[in-house]
Each structure stands twice: as C-alpha cells, then as structure tokens.
Amino acid sequence: MTDTKRPHPSSSQAAQAIIESAMSAMTSTTKPPLYDVTIVCTTDDYQAAYWMDRLSNGVCKKPTTATGNNDEGVYPMVLAVSEDWSPSGAGNGLGTLYAFQKACRVAQEKFGVDIGSDLKGGKISAALFHTAGKGTRLAPLPASENNNKPGVKLPVCHQLADGSYEPITVLEAVVRQTGIYAASRSGRLSVYWGDQIFVPTAPFEYTPSHHVDIMCTLEEEPPTEKVWQERGLEKYGVIAVAKGESGDAAQVEKVDHPTAVRMLKNLGDIGRVGPSLGSFSVSAKILEALCEEFKEELAAKDGKLDTDPHFWMPLTLPQDEYISLMSQKGVEEDESRSHHMRMSKMKESFMAANSELGLFGAVDVGNNACWWDYGQLKLYITNNLKLSEDGADADLLRRFFGVTSRVMNSELSGVNVDASASVSSCKAKSGSVGAHSSIAAVEAEEIQIGEDAIVVNCAAKKIVAGKGAVLYNLISESEDGIVAEDGDVIVAVTDTDGKSMLLKSKIDICGGQAWKKVLDGNTVSFEEVHKQNRDADVSTIEKKRKELYKKASSSFGL
C-alpha cells in the first residue's frame with residue numbers, strides 16, 4: 001500500500017495543503033467537525049426514528065468530558081423527520097423548508113430548544129441531509145435496507161461505541177465529510193444530498209458573503225466558448241460568478257455558451273463558471289423569508305418546487321431568460337412569468353431590509369476536488385472497488401475511511417488473500433479472496449471471493465462470489481451456502497419476522513430502467529418490492545437481521 005497521506009493530484013501546493021487540512025479534520029477521532037444540528041429528511045417515521053438513534057449514538061455523538069461523561073449541553077443534536085407530503089413529493093425546495101420547520105417542532109418537543117431562534121442569533125450551525133426517494137438507480141441495494149436508501153452499507157467497517165465493528169453507511173460517511181464546512185456557517189442552514197462524498201481543493205473555511213451560496217467546481221480558465229465546449233458545460237446546471245469584489249453569481253441550466261452569455265447579462269462580465277453540485281447554504285434571514293413566502297404551500301403540504309428552477313434561477317435571471325429556460329422544461333410561459341414575478345417581489349422586499357450580504361454567491365470546492373458518488377449501482381461498485389486500488393484517489397478514500405491496512409480486524413488464518421484485496425472485519429477458516437475485491441463483515445467457514453467482487457454483511461457456511469459479483473445482506477445456514485456467478489448482484493430483503501427473500505440483478509443493469517421489470521431469478525419487480533417495503537420498521541428489521549447473522553455465524557463455529 002502506498003503512503004496513506006499521499007495527496008490527490010492538484011494544480012498547486014496550496015490545493016494540496018487544503019486537501020491535507022480537510023482530511024485531517026474529517027478523520028479526527030478526538031474532535032471531528034460537526035454541525036450543531038444535523039437534520040435528516042427521510043421517507044417515513046420509522047426511518048426518522050432509526051437515524052435519530054443511530055447518528056446520536058454514532059458519528060454525531062456528544063463529545064466526552066474530562067471525567068469521561070458525555071457533554072451535558074444540548075448540542076450537537078440530531079433531528080430526523082419524515083417528508084409526509086403528497087405522493088408526488090415536495091421537491092427539494094419546499095422539502096427543505098418543510099423539513100426545517102418540522103425539525104424545529106421536534107427540537108422544541110424533545111429538547112425544549114428553539115433552534116430557529118438560535119440559528120437566527122448566529123449561535124449554531126445546522127445541516128439538512130435529503131435522503132428521501134426510491135433510489136431506483138441504486139437498485140436492488142435500497143430494497144435490502146427496506147427502502148432506507150441512506151442506510152446502504154459500504155464495504156468498510158467503523159468502530160461503534162461498544163467497541164464492535166460494522167459497515168459504515170453512506171449517510172454516516174456524508175455527515176462526517178460535510179462537517180468541515182460547519183465552522184464557517186454559524187447562523188446558516190446547509191443543505192446536502194445523502195449519497196456523495198468529496199474532498200475539496202479550494203478553501204473550506206470562509207466568511208459567507210451572500211444570503212445564499214451554492215457549491216460548485218469553478219474552472220480556472222476564463223469562460224470562453226472553447227472552454228464551455230471542452231468542459232461540456234452545456235450538460236450541467238452551471239454557476240457563473242461575476243468579475244470584481246462582489247462575487248455575485250447566477251445559475252443557468254443545460255445551455256450552450258452564447259445562450260448562457262445572453263441569459264447572464266445582468267451579471268456583467270463573467271469571471272468564472274463551473275458545474276453546480278446542488279448543495280447550498282442559506283442565511284437564517286432568507287430561510288425565514290422563504291418560509292414566509294411559501295407559508296400557504298407549507299401549511300397545506302401542497303405543491304412541488306425544486307431549488308434550482310424555482311428558487312435560484314428566478315432569483316438570479318431576467319424574466320425573459322427565465323421564461324425561455326423553463327420553456328425547455330415544458331413549462332407554460334404564463335406560469336413561468338407569474339412565478340418569476342412572485343420571486344422578484346420577494347427578492348426586492350428582502351434585499352431592501354437585508355443588504356448587509358449579497359443575494360446569491362458561490363462556494364468553490366475546486367475543479368480538482370476528489371469525488372465519490374454512491375447514488376447509482378455502477379458508481380457504488382466503481383467507488384467501493386477503489387478501496388483495493390493503487391493511486392492517489394484510492395489512497396485518499398482509504399484514509400477517509402480509516403483503512404490503514406488491506407486486511408483489518410479480521411481472522412483469516414486459513415484464507416489466501418490477494419495483496420490487492422480490501423478486507424474489513426471478516427472471519428473465515430479457508431478459501432481465497434481475489435484481486436481487487438472489497439469485502440466487509442463477512443463470516444463463513446469457507447469463502448471463494450472472485451476478482452473485483454464486493455461482499456457486504458454476509459454470513460453462511462460457504463460463500464462463493466464470481467468475478468465482479470455483488471453480495472449484500474445475505475444470511476444462510478444451508479450446507480450449500482451462498483453462490484453467485486460472475487456479474488451477479490444478489491441481496492436479501494428481510495421483514496420484521498426475520499423472513500427473507502432474495503432479489504437479483506446484474507452489475508450492468510440500471511435499476512431505474514429495469515424498475516418495473518421482473519428480472520431473471522426474481523418473482524417480483526423492484527417497484528413491487530419497494531411497495532411491499534413501505535413503512536417497514538427498519539430498526540426492528542435491523543435488530544432481527546443481526547440476530548440471524550449471529551445465529552448463522554455461531555452455527556458453523558465462528
């Protein structure tokens with residue numbers, strides 16, 4: 001294994017220093033950076049209860065004092081709430097406002113704390129993580145977590161408060177990573193998506209200069225038509241930042257260079273541009289203003305508005321350009337004009353009373369930022385296999401997850417493990433682990449793990465995984481054990497009684513495209529399993545799964 005502190009390639013020594021500072025903070029075991037309030041927006045109340053408990057006793061646990069007791073202050077605090085909106089959903093715009101308001105009520109009821117007041121007073125920082133959704137492109141893994149998409153496990157284990165080890169979930173990794181921005185965001189609500197991890201190459205400690213700032217990867221070169229085409233910026237939502245000290249920005253979406261220049265004429269000369277990451281932060285003042293503006297929709301739980309097309313673009317683009325852009329989405333001109341007028345009126349009133357900050361700005365994470373996305377099956381596989389690769393990107397990923405050896409916390413005395421494999425908290429008596437495979441929380445008498453395979457949280461007398469196979473949450477006490485052919489994806493879906501069914505796919509099948517199909521080896525579609533999993537008691541099911549895992553492992557003497 002190469003040096004675990006090897007920096008990711010970047011354009012400057014300054015960027016390398018930022019990477020090192022970020023990694024040191026994110027991997028701190030004594031004082032990890034955390035937001036004072038962590039809000040998780042989930043699909044249902046069972047998931048909300050699960051995350052309140054798991055994060056409060058895990059990555060967001062209160063620090064211990066000099067006497068060894070937990071800090072008695074109310075912060076850090078975890079608040080998980082469900083998006084109990086209409087079936088079509090609130091969109092991430094109204095969904096953000098609704099989740100924050102609901103979290104405020106939960107904080108008052110459970111802890112007697114007015115987090116809205118504390119945020120407005122600049123006493124705390126808060127972060128909201130959007131996790132609701134079907135996760136179709138990650139199928140069938142979310143089905144194995146009973147629709148608890150952010151609970152999908154990664155093939156690397158972390159230590160729990162009781163000293164035991166279990167696979168870290170995607171959301172836990174995201175919460176750990178994003179905490180590096182907390183110190184700069186007192187009095188602000190930060191909003192993130194629950195399946196992406198990145199290491200910035202641009203400063204993560206800064207003084208906010210705008211009521212809204214959005215994360216993006218700004219290009220170093222001036223935004224000429226050539227740069228626009230070479231970078232493929234017409235494929236993305238793009239943030240453009242004006243030249244000069246103001247740092248004012250605007251957003252356009254999936255347009256070519258001439259169209260962007262026309263739409264962004266209000267900014268004046270454009271200094272830098274780059275793809276938006278979607279994640280953003282808002283001041284307590286504009287958060288309050290948005291909640292007031294949309295109070296009728298929030299009270300009725302009616303409507304669906306997203307941040308980019310319904311908040312940021314009408315706030316930063318001229319009316320005609322906004323109407324033109326929305327027409328590409330099939331929105332009628334009258335509807336777009338009416339919405340733009342509504343947002344413009346709110347903006348005028350708000351900025352007249354709150355001109356100490358600009359309205360909309362950018363937070364650059366660096367165009368060489370290291371990025372790991374787990375929101376699609378193909379990316380889940382690609383990024384988890386990095387744990388067994390060489391190179392700067394893989395070294396950073398291992399360092400982030402605390403992987404200091406290719407085999408950790410494992411008992412594999414009779415197993416031949418390839419030097420390139422990544423093994424975390426596994427037990428087996430015989431067999432082999434193939435090249436560039438990644439396995440975690442695997443217990444078996446015999447394992448035969450093929451090259452590029454991923455096996456997570458599986459227990460059986462014998463486990464055979466073909467080349468590139470993905471095995472997940474599988475438990476068996478049969479003599480035959482678990483067998484997967486090359487490229488198979490096999491997961492178990494368990495209910496509250498402990499009964500399980502297998503759900504199968506292939507590594508080259510997109511769950512979104514196959515969502516309504518019954519794939520070979522299955523009796524139902526991914527969509528039907530999702531319906532069956534609605535309102536599943538995920539805490540009870542996880543407890544039952546752990547009991548079954550322990551029972552199976554004990555049955556063959558491990």
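Just a few scattered comments:
- Take the Cα of R342, step 7 Å toward its Cβ, do the same at K31, and the gap between the two points is 4.6 nm.
- H530 accessible area, assembled protein chains, probe 1.4 Å, Å²: 30 Å²
- The base-10 log of I(q)/I(0) for the range 266-332, evaluated at q = 0.19, 0.23 Å⁻¹, reads -1.03, -1.28 [Debye formula, identical scatterers on Cα atoms, solvent excluded].
- Check: the range 219-370 dipole with +1 on Lys, Arg Cβ and -1 on Asp, Glu Cβ, in debye: 40 debye
- Orientation-averaged projection of the range 300-378 equals 8.9 nm² [convex hull of Cα atoms, one quarter of hull surface area].
- Fraction of alpha-carbon pairs over 13 Å apart in the range 342-419 - percent: 79 percent
- Using a Förster distance of 45 Å, the FRET efficiency for K429-A183 (Cβ separation, nearest 0.05): 0.40
- Modelled spin-label separation between E485 and K123, with each label point placed 7 Å from Cα along the Cα-to-Cβ direction: 6.3 nm.
- Based on every Cα atom in the range 130-223, Rg and the maximum pairwise Cα distance Dmax equal 16.5, 53 Å.
- Gap separating the Cα centres of the range 309-343 and the range 144-201, nearest whole Å: 35 Å
- A Förster radius of 22 Å, combined with the Cβ-Cβ distance separating T404 from S164, puts the computed FRET efficiency at roughly 0.75.
- The calculated FRET efficiency for E477 paired with K378, based on their beta-carbon distance and R0 = 41 Å, is about 0.80.
- Distance histogram in 20 Å bins (all Cα pairs of the chain, percent per bin): 20, 53, 25, 2
- Over all distinct Cα-Cα pairs of the range 61-198, the Kirkwood formula returns a hydrodynamic radius of 16.8 Å.
- Relative contact order (percent, whole number), the range 370-447, Cα cutoff 8 Å, 6+ residue spacing: 23 percent
- Length gained when the stretch K531-K550 is fully extended (0.36 nm per residue, less Cα-Cα span): 4.0 nm
- Calculated diffusion of the range 206-301, Stokes-Einstein form, Kirkwood radius summed over Cα pairs, 10 °C and 1.306 mPa s, µm²/s: 108 µm²/s
- Percent of Cα pairs exceeding the 18 Å cut-off, where the set is the range 265-419: 73 percent
- Cα Rg, Dmax, the range 508-558, angstrom units: 15.5, 42
- Quotient of Cα Rg and 2.2 N^0.38 Å for the range 368-413, N being how many residues it contains: 1.27
- Values of log10 I(q)/I(0), in the order q = 0.17, 0.30, 0.34 Å⁻¹, for the range 319-362 under a Debye, Cα-only, solvent-free model: -0.57, -0.96, -1.08
- Counted charge near S430, where neighbours are those whose Cβ lies closer than 11 Å (Asp, Glu -1; Lys, Arg +1): 0
- With protein chains left intact and a 1.4 Å probe, residues in the range 357-406 average 28 Å² of accessible area per residue.
- All-pairs Cα distance distribution in the range 355-482, expressed in whole percent, bin size 5 Å: 2, 10, 19, 22, 16, 10, 6, 4, 3, 3, 2, 2, 1, 0, 0
- Charge tally in the Cβ shell below 15 Å around G358, where Lys, Arg are +1 and Asp, Glu are -1, G358 excluded: -1
- Long hydrophobic helices in the chain, taken as whole DSSP H segments with a C-alpha length of 24 Å or more on their own axis and mean Kyte-Doolittle hydropathy at least -1.0: 91-111.
- Projected onto their three principal axes, the Cα atoms of the range 195-243 cover extents of 32, 30, 18 Å, largest first.
- Summed side-chain charge close to Y236 - residues other than Y236 whose Cβ falls under 13 Å, Lys, Arg +1, Asp, Glu -1: -2
- The label-point distance for L502 and A419, in a model that sets each label 7 Å from Cα toward Cβ, rounds to 3.6 nm.
- In Å, descending, principal axis extents of the Cα set of the range 470-532: 35, 30, 16
The values are calculated or read from the model by the stated rules, or taken from the named source; none is laboratory data. It should be emphasised that the depicted structure is a prediction, and the values quoted were computed from it without experimental measurement. For neighbour counting, all protein chains shown are included, and Cβ atoms are generated from backbone atoms with ideal geometry for every residue, glycine included. For the accessible areas, the whole protein counts, side chains as well, though only heavy atoms, and no ligand, DNA or RNA atoms are used. Shrake-Rupley method; radii C 1.70, N 1.55, O 1.52, S 1.80 Å.
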